[in-house]
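Input: a single structure, listed below in structure tokens.
Throughout, read-outs are computed from the coordinates displayed, never taken from laboratory work. Only a predicted model underlies this, so the values are computations on that prediction, with no experimental measurement involved. Please note: Cβ atoms are built from the backbone with ideal geometry, for glycine as well, and neighbour counts cover all protein chains shown.
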Amino acid sequence: MEALRTVVVGAGQAGLSAAYWLARRGLAPWSDVVVLDANAGPGGAWRHRWDSLTFDAAHGLHPLPGLPLEAPEPREPASAVVSRYYGAYERELGIPVIRPVRVSSVSHAEAPRRRPLLVRAGDGREWLAETVISAAGTWDRPHWPSYPGQRLFRGRQLHTHDFVSAEEFRGQRVLVVGGGTSALQFLLQLDAAGARTAWSTRRAPDFTAAPFDADWGIDVERRVGERTRAGLPPLSVVAATGLPLTEQYRAGIEAGVLVSRGPLARLTPTGAVLADGTELALDAILWATGFRASLSHLAPLRLREPGGGVMMGDDGVSAVREPRLFLVGYGASASTVGATRAGRAAAVAATRFLAGAGRDARLASVP
């Protein structure tokens, strides 16, 4: 197989941004670049969001470069808005997306005088690439924490990944576990739908009235970047940002809905026991415990550091152990604010490598 210049894995916000900037920097769609997407249609992770998450309630809907995001009906589901917008983006800008393609591995492929990367799909299809931009995101890696008695609980357990509608829980006793903004949103939805809720967090909720402005964003990226440059796993979103103390959340606190009952100790067949000994009778548990970066397809490249993370370069997108690989949606670029910017940074880094700036790194990485 003749190697493509770049293969982009994932057609979400970061992947589409990377493809746009690769084209702007001279790489031709299809002959130089393809984007491999696991979904059946456009929209990235947004296409899987629950219908009750409407456009006006969704956080992080940002326009992509080259095509504005027109304001739709505020009560339209965000999944429909983003799927329509990303679909139009792919068509109008000629983004070379192939789907559905679930990438199973990225590994080294032996070739004369060079070692391009071999991108293999679960169905056996393969692509050779001089560089790879991995923008696989986090949606397919929901984090399920482990607690004593978890398998004994006879009620329903689900992760936010699988949430469909708050109406399913009307009249039920629901424990929401997790300290991020998604937990707040689900608690308010469930309460409004008539569920009886309780909230469990490992630590006291970190509400902050600090403005979420440009200076705040720079500080968050700096702190997250310090960890990934050291090869440590990224912080969770809430650990890096805190919880915004909006008027809606203030009202929820005053109503007693957004008040944590403390850490969870264990589950029982009929409920849960909190760290302070309080027993809760429950019908369901919603694990709002976040997601992890989707990196399993990169395992053959042996990127993990002793600290458990992937060591990133100063640009925030270059993988130190593999100079042909660029990660977006990992570390500081995992936020929706940073994803578009990271896509551009990855495109710039990849094209510089292809132009020869990475020659020394390429030679150094050959055994």
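For the range 129-162, run through the trypsin sites (Lys or Arg not before Pro) and keep only the ones in DSSP coil with at most 16 other Cβ atoms within 10 Å of their Cβ.
Numbers: sites: ARG151, ARG154, ARG156; in loops: ARG151, ARG154.
Filter output for the range 129-162: ARG151, ARG154.
Where both partners of a DSSP beta bridge lie in the chain, what percent of those bridges are antiparallel, to the nearest 5?
45 percent
In the neighborhood of ALA45, defined by Cβ-to-Cβ distances under 13 Å, what is the net charge if each Lys or Arg adds +1 and each Asp or Glu adds -1?
Computed value for this residue: +1.
How long is the gain from ALA204 to THR270 if the chain were fully straight, where each residue apart is worth 0.36 nm and the alpha carbon distance is subtracted?
21.2 nm
Would you calculate the separation in nanometres between label points at VAL164 and ARG75, each defined as 7 Å from the Cα along the Cα-to-beta-carbon direction?
Computed distance between label sites VAL164 and ARG75 equals 2.2 nm.
For the chain, count all C-alpha to C-alpha pairs, find those more than 32 Å apart, and express that count as a whole percent of the total.
37 percent
Work out, step by step, the length gained on full extension between ARG352 and GLU247: first 0.36 nm times the residue separation, then minus their alpha carbon distance; give nm to one decimal.
Details: separation 105, 0.36 × 105 = 37.80 nm, distance 4.61 nm.
The span from ARG352 to GLU247 would gain 33.2 nm if fully extended.
Once the dipole of the chain is set up with Lys and Arg at +1 and Asp and Glu at -1 on Cβ about the Cα centre, which of LEU295, TRP21, GLY10 lies farthest towards its positive end?
My answer, from the dipole projection, is LEU295.
Using modelled amide H (1.01 Å from N, peptide plane; none on Pro or chain starts), what sits under 5 Å from the amide H of VAL34, excluding residues fewer than 5 places away?
Residues meeting the criterion, in which the H sits 1.01 Å from N, are THR6, VAL8.
List the residues of the range 2-38 whose backbone N lies under 15 Å from a point placed 7 Å from the Cα of GLU126 along the Cα-to-Cβ direction.
2-4
What is the gain in length, in nm to one decimal, between ASP314 and HIS62 on full extension, counting 0.36 nm per residue of separation less the C-alpha to C-alpha distance?
88.2 nm
Ordered by residue, what ³J(HN,Hα) values in Hz, to whole numbers, does the range 135-144 give under the Karplus form 6.51 cos²θ - 1.76 cosθ + 1.60, where θ = phi - 60° and Gly and Pro are x?
So the Karplus estimates, Gly and Pro as x, are 10, 6, x, 9, 4, 8, 10, x, 8, 10 Hz.
Sort out for me the Cα centre separation of the range 177-209 from the range 1-73, rounded to whole Å.
Comparing the Cα centres of the range 177-209 and the range 1-73, I get a distance of 30 Å.
Mind listing which trypsin sites (Lys or Arg not before Pro) in the range 68-122 are in a DSSP loop and have 13 or fewer other Cβ atoms within 10 Å?
Listed in order of number, the matching sites are ARG75, ARG113.
Per DSSP H run of at least 4 residues, take -39500 (n - 2.57); add these up for the chain, divide by its residues and hand me the 222 nm value, nearest 500 deg cm²/dmol.
-7500 deg cm²/dmol
Quick one: net charge around GLY66, please, counting Lys, Arg +1 and Asp, Glu -1 for every other residue with C-beta under 15 Å from its C-beta.
Summing Lys and Arg as +1 and Asp and Glu as -1 gives +2.
Over all pairs of distinct alpha carbons, what does the Kirkwood formula give as the hydrodynamic radius of the range 1-153, in Å?
17.0 Å
Filter the chain for me: DSSP H helices, axial length by Cα at least 18 angstrom, mean Kyte-Doolittle hydropathy not below -1.0. List them by residue number.
Taking the DSSP H segments of the chain (at least 18 Å long, mean hydropathy at least -1.0), we get 78-93, 336-352.
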